[in-house]
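See structure below.
The values are calculated or read from the model by the stated rules, or taken from the named source; none is laboratory data. Computed from a predicted structure; not experimentally measured. Cβ placement follows ideal geometry from the backbone for every residue including glycine, while neighbour counts extend to all protein chains displayed. The accessibility values were calculated without ligands, DNA or RNA, using every heavy atom of the protein model including side chains. Shrake-Rupley method; radii C 1.70, N 1.55, O 1.52, S 1.80 Å.
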Amino acid sequence: MAPTNEFENISLDGLPFDLRYKLLSASIIPRPIALVSTIGEAGNVNLAPFSSFMIASVEEGFLCFSVGPDQKRVKDTLVNIRRTEEFVINSVSEPMAVQVQNCAEEYPPHVSEAKEVGFDLIPSLKVAPPRVAMSNLHFECRLHQIIRFGESHMTIGRIVQVHARAGLVRNYKIDPRELAPLGRIAGRNYCQLGNIVKV
Ligand SMILES: Cc1cc2nc3c(=O)[nH]c(=O)nc-3n(C[C@H](O)[C@H](O)[C@H](O)COP(=O)(O)O)c2cc1C
(Lines give C-alpha, C1' and ligand atoms only; values in the text may rest on other atoms or scores of the structure.)
Protein backbone atom coordinates (compact mmCIF):
# COMPACT_ATOMS: atom_id res chain seq x y z
CA MET A 1 0.00 0.00 0.00
CA ALA A 2 1.42 3.38 -0.95
CA PRO A 3 2.08 5.43 2.21
CA THR A 4 -0.12 8.47 2.64
CA ASN A 5 -0.75 10.62 5.68
CA GLU A 6 -4.38 9.65 5.78
CA PHE A 7 -5.41 7.14 8.44
CA GLU A 8 -8.72 5.62 9.39
CA ASN A 9 -9.61 5.59 13.10
CA ILE A 10 -10.86 2.17 14.11
CA SER A 11 -12.35 1.58 17.55
CA LEU A 12 -12.57 -1.84 19.16
CA ASP A 13 -15.16 -0.62 21.68
CA GLY A 14 -18.36 -2.57 21.25
CA LEU A 15 -16.95 -4.54 18.32
CA PRO A 16 -18.18 -8.17 18.41
CA PHE A 17 -15.66 -10.96 18.89
CA ASP A 18 -15.64 -12.19 15.27
CA LEU A 19 -14.82 -8.73 13.92
CA ARG A 20 -12.14 -8.11 16.55
CA TYR A 21 -10.67 -11.50 15.66
CA LYS A 22 -10.76 -10.70 11.95
CA LEU A 23 -9.03 -7.36 12.41
CA LEU A 24 -6.41 -8.38 14.95
CA SER A 25 -5.50 -11.75 13.48
CA ALA A 26 -5.04 -10.19 10.04
CA SER A 27 -2.97 -7.34 11.50
CA ILE A 28 -0.40 -9.30 13.47
CA ILE A 29 1.12 -11.40 10.70
CA PRO A 30 2.88 -13.62 9.93
CA ARG A 31 2.68 -15.62 13.13
CA PRO A 32 4.75 -18.69 13.93
CA ILE A 33 2.76 -21.77 14.88
CA ALA A 34 3.08 -23.89 18.00
CA LEU A 35 1.75 -27.38 17.45
CA VAL A 36 0.96 -28.35 21.02
CA SER A 37 0.81 -31.95 22.20
CA THR A 38 -0.91 -32.83 25.46
CA ILE A 39 -2.35 -35.95 27.05
CA GLY A 40 -6.12 -36.28 27.34
CA GLU A 41 -8.00 -37.75 30.27
CA ALA A 42 -8.39 -41.09 28.45
CA GLY A 43 -4.63 -41.24 27.82
CA ASN A 44 -5.02 -40.11 24.20
CA VAL A 45 -2.58 -37.69 22.58
CA ASN A 46 -4.12 -34.32 21.73
CA LEU A 47 -2.53 -32.11 19.07
CA ALA A 48 -3.63 -28.57 18.25
CA PRO A 49 -2.02 -25.57 16.52
CA PHE A 50 -1.76 -22.16 18.22
CA SER A 51 -0.41 -19.12 16.40
CA SER A 52 -0.78 -16.66 19.28
CA PHE A 53 2.66 -17.95 20.13
CA MET A 54 5.85 -16.28 21.33
CA ILE A 55 8.85 -16.33 23.66
CA ALA A 56 7.73 -15.05 27.07
CA SER A 57 11.22 -14.94 28.56
CA VAL A 58 14.57 -15.87 27.08
CA GLU A 59 16.34 -15.78 30.45
CA GLU A 60 13.75 -18.01 32.14
CA GLY A 61 13.25 -20.21 29.06
CA PHE A 62 9.51 -19.54 28.92
CA LEU A 63 7.35 -19.99 25.83
CA CYS A 64 3.71 -18.95 25.75
CA PHE A 65 0.61 -19.22 23.60
CA SER A 66 -2.91 -18.00 24.04
CA VAL A 67 -5.87 -20.37 24.10
CA GLY A 68 -8.83 -18.34 22.91
CA PRO A 69 -12.50 -18.91 23.60
CA ASP A 70 -14.69 -21.45 21.87
CA GLN A 71 -18.45 -21.03 21.84
CA LYS A 72 -19.23 -24.60 22.75
CA ARG A 73 -16.44 -25.93 24.95
CA VAL A 74 -13.15 -25.34 26.69
CA LYS A 75 -10.42 -26.36 24.25
CA ASP A 76 -8.89 -29.75 25.03
CA THR A 77 -5.37 -28.31 25.11
CA LEU A 78 -6.27 -26.03 28.03
CA VAL A 79 -8.19 -28.75 29.87
CA ASN A 80 -5.25 -31.15 29.49
CA ILE A 81 -2.58 -28.65 30.53
CA ARG A 82 -4.55 -27.63 33.63
CA ARG A 83 -4.79 -31.30 34.62
CA THR A 84 -1.32 -32.57 33.72
CA GLU A 85 0.78 -29.35 33.72
CA GLU A 86 2.83 -30.72 30.82
CA PHE A 87 2.95 -30.09 27.09
CA VAL A 88 5.27 -30.16 24.09
CA ILE A 89 5.54 -27.34 21.57
CA ASN A 90 6.39 -28.85 18.19
CA SER A 91 7.65 -26.49 15.48
CA VAL A 92 5.72 -26.31 12.22
CA SER A 93 7.50 -26.35 8.86
CA GLU A 94 6.17 -25.91 5.34
CA PRO A 95 5.45 -29.58 4.49
CA MET A 96 3.21 -29.85 7.58
CA ALA A 97 0.61 -27.26 6.45
CA VAL A 98 -2.30 -29.52 5.50
CA GLN A 99 -1.96 -31.79 8.53
CA VAL A 100 -1.68 -28.81 10.87
CA GLN A 101 -4.83 -27.29 9.43
CA ASN A 102 -6.58 -30.63 9.87
CA CYS A 103 -5.47 -30.82 13.52
CA ALA A 104 -7.58 -27.72 14.18
CA GLU A 105 -10.80 -29.49 13.18
CA GLU A 106 -12.96 -30.29 16.15
CA TYR A 107 -12.45 -33.84 17.35
CA PRO A 108 -14.05 -35.36 20.45
CA PRO A 109 -11.74 -35.14 23.51
CA HIS A 110 -10.82 -38.86 23.45
CA VAL A 111 -9.77 -38.83 19.77
CA SER A 112 -6.09 -38.50 18.88
CA GLU A 113 -5.62 -35.82 16.21
CA ALA A 114 -2.17 -37.21 15.47
CA LYS A 115 -3.63 -40.48 14.27
CA GLU A 116 -6.47 -38.75 12.41
CA VAL A 117 -4.16 -36.47 10.40
CA GLY A 118 -1.30 -38.94 10.03
CA PHE A 119 1.47 -37.49 12.19
CA ASP A 120 3.91 -40.02 13.66
CA LEU A 121 4.78 -39.49 17.30
CA ILE A 122 7.98 -40.15 19.23
CA PRO A 123 8.39 -40.25 23.01
CA SER A 124 9.58 -37.24 24.98
CA LEU A 125 12.37 -37.42 27.55
CA LYS A 126 10.99 -35.49 30.53
CA VAL A 127 7.25 -35.07 29.99
CA ALA A 128 4.46 -37.49 29.11
CA PRO A 129 3.11 -35.86 25.90
CA PRO A 130 5.04 -37.18 22.89
CA ARG A 131 6.68 -35.22 20.10
CA VAL A 132 5.68 -34.91 16.44
CA ALA A 133 8.34 -36.72 14.40
CA MET A 134 7.92 -34.41 11.39
CA SER A 135 8.71 -31.25 13.41
CA ASN A 136 12.28 -29.97 13.28
CA LEU A 137 12.25 -28.68 16.86
CA HIS A 138 10.51 -29.84 20.02
CA PHE A 139 10.25 -27.97 23.30
CA GLU A 140 9.21 -30.11 26.22
CA CYS A 141 7.50 -27.78 28.70
CA ARG A 142 6.13 -27.82 32.24
CA LEU A 143 3.38 -25.36 33.01
CA HIS A 144 4.61 -22.20 34.71
CA GLN A 145 1.42 -20.14 34.79
CA ILE A 146 -1.89 -19.59 33.07
CA ILE A 147 -2.98 -15.97 32.96
CA ARG A 148 -6.57 -15.26 32.08
CA PHE A 149 -7.43 -12.28 29.91
CA GLY A 150 -11.20 -12.19 29.39
CA GLU A 151 -12.00 -15.60 27.88
CA SER A 152 -8.44 -16.12 26.63
CA HIS A 153 -5.81 -17.99 28.59
CA MET A 154 -2.17 -17.11 28.13
CA THR A 155 -0.41 -20.39 28.83
CA ILE A 156 3.23 -20.07 29.85
CA GLY A 157 5.54 -23.06 29.97
CA ARG A 158 9.09 -23.52 31.16
CA ILE A 159 11.21 -25.39 28.64
CA VAL A 160 12.66 -28.47 30.32
CA GLN A 161 14.14 -30.08 27.20
CA VAL A 162 14.85 -29.03 23.62
CA HIS A 163 15.23 -31.44 20.71
CA ALA A 164 16.52 -30.36 17.29
CA ARG A 165 16.71 -32.47 14.15
CA ALA A 166 20.29 -33.67 13.76
CA GLY A 167 22.44 -31.09 11.93
CA LEU A 168 19.91 -28.23 12.25
CA VAL A 169 21.67 -26.41 15.10
CA ARG A 170 25.28 -25.42 14.49
CA ASN A 171 26.99 -23.56 17.32
CA TYR A 172 23.50 -22.59 18.64
CA LYS A 173 22.58 -21.07 15.27
CA ILE A 174 19.81 -22.30 12.99
CA ASP A 175 19.67 -21.67 9.25
CA PRO A 176 16.13 -20.33 8.70
CA ARG A 177 15.95 -22.02 5.27
CA GLU A 178 16.59 -25.39 6.87
CA LEU A 179 13.98 -24.74 9.55
CA ALA A 180 11.52 -23.71 6.79
CA PRO A 181 8.93 -22.31 9.21
CA LEU A 182 5.31 -22.09 8.18
CA GLY A 183 3.69 -18.75 9.02
CA ARG A 184 0.02 -18.22 9.73
CA ILE A 185 -1.70 -15.37 7.96
CA ALA A 186 -5.43 -15.76 8.57
CA GLY A 187 -8.11 -18.37 8.01
CA ARG A 188 -6.63 -21.08 5.81
CA ASN A 189 -3.83 -18.86 4.52
CA TYR A 190 -0.23 -19.56 5.41
CA CYS A 191 3.13 -18.29 4.19
CA GLN A 192 6.64 -19.51 3.64
CA LEU A 193 9.86 -17.70 4.38
CA GLY A 194 10.41 -15.18 1.57
CA ASN A 195 13.42 -12.99 0.84
CA ILE A 196 15.56 -12.28 3.86
CA VAL A 197 16.18 -8.57 4.30
CA LYS A 198 19.61 -7.80 5.68
CA VAL A 199 20.20 -4.28 6.96
C1 LIG B 1 -2.72 -22.49 12.21
C2 LIG B 1 -3.72 -22.35 13.30
C3 LIG B 1 -3.45 -21.52 14.39
C4 LIG B 1 -4.36 -21.43 15.45
N5 LIG B 1 -4.07 -20.60 16.50
C6 LIG B 1 -4.91 -20.54 17.56
C7 LIG B 1 -4.58 -19.73 18.69
O8 LIG B 1 -3.56 -19.06 18.75
N9 LIG B 1 -5.45 -19.74 19.74
C10 LIG B 1 -6.58 -20.51 19.74
O11 LIG B 1 -7.32 -20.51 20.72
N12 LIG B 1 -6.91 -21.27 18.68
C13 LIG B 1 -6.10 -21.32 17.60
N14 LIG B 1 -6.42 -22.10 16.52
C15 LIG B 1 -7.61 -22.95 16.60
C16 LIG B 1 -7.35 -24.21 17.43
O17 LIG B 1 -6.28 -24.96 16.87
C18 LIG B 1 -8.63 -25.07 17.41
O19 LIG B 1 -9.61 -24.41 18.20
C20 LIG B 1 -8.43 -26.49 17.91
O21 LIG B 1 -9.57 -27.25 17.61
C22 LIG B 1 -8.19 -26.58 19.40
O23 LIG B 1 -7.99 -27.95 19.67
P24 LIG B 1 -8.11 -28.63 21.08
O25 LIG B 1 -9.56 -28.57 21.51
O26 LIG B 1 -7.63 -30.01 20.82
O27 LIG B 1 -7.23 -27.86 22.03
C28 LIG B 1 -5.56 -22.16 15.42
C29 LIG B 1 -5.84 -22.97 14.31
C30 LIG B 1 -4.95 -23.05 13.26
C31 LIG B 1 -5.26 -23.92 12.08
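Only Lys, Arg, Asp and Glu count, each charged at its Cβ (+1, +1, -1, -1), so figure out the dipole size of the chain about its Cα centre, rounded to 20 debye.
Numbers: 21 positive and 21 negative charges, 80 e Å.
In total the dipole reaches around 380 debye.
For the pair residue 2 and residue 59, what calculated FRET efficiency results from E = 1/(1 + (r/R0)^6), where r is the Cβ-Cβ distance and R0 = 35 Å, to the nearest 0.05?
Numbers: r = 41 Å, r/R0 = 1.18.
Taking R0 as 35 Å, the efficiency between residue 59 and residue 2 is 0.25.
Give the shape of region 29-191 as rounded, prolate or oblate, defined through the alpha-carbon gyration tensor: a ≥ b ≥ c are the square roots of its eigenvalues, a/c under 1.5 means rounded, and otherwise the shape is prolate if a/b is larger than b/c and oblate if not.
Here region 29-191 falls in the rounded category.
Using a cut-off of 14 Å between beta-carbons, work out the net charge of the residues near residue 160 (Lys and Arg +1, Asp and Glu -1, residue 160 not included). Spell out each step's value before the answer.
Details: positive: 126, 131, 142, 158; negative: 60, 85, 86, 140.
Computed value for this residue: 0.
Carbon and sulfur atoms: what percent of the 1.4 Å accessible area of region 29-191 do they account for?
Numbers: 4550 of 8410 Å².
Carbon and sulfur atoms account for 54 percent of the accessible area of region 29-191.
Can you pull out the trypsin sites (Lys or Arg not before Pro) in region 134-194 whose DSSP state is coil and whose Cβ has at most 15 other Cβ atoms within 10 Å?
Details: sites: 142, 148, 158, 165, 170, 173, 177, 184, 188; in loops: 165, 188.
Answer by residue number: 188.
Give me the accessible area per residue for region 29-191, probe 1.4 Å, as a whole number in Å². Each step should come with its number before you reach the end.
Working: 8410 Å² over 163 residues.
Solvent-accessible surface per residue comes out at 52 Å².
For the chain, which longest stretch is free of loop sites, where a loop site is one of the chymotrypsin sites (Phe, Trp or Tyr not before Pro) that DSSP puts outside H, G, I, E and B and that has at most 11 other Cβ atoms within 10 Å?
Longest run free of exposed loop sites: 8-171.
Only Cα pairs under 8 Å and at least 6 apart count here; give the relative contact order of the chain as a rounded whole percent. Walk me through the numbers on the way to the answer.
Details: 363 pairs, mean separation 45.8, N = 199.
Computed over the chain, the figure is 23 percent.
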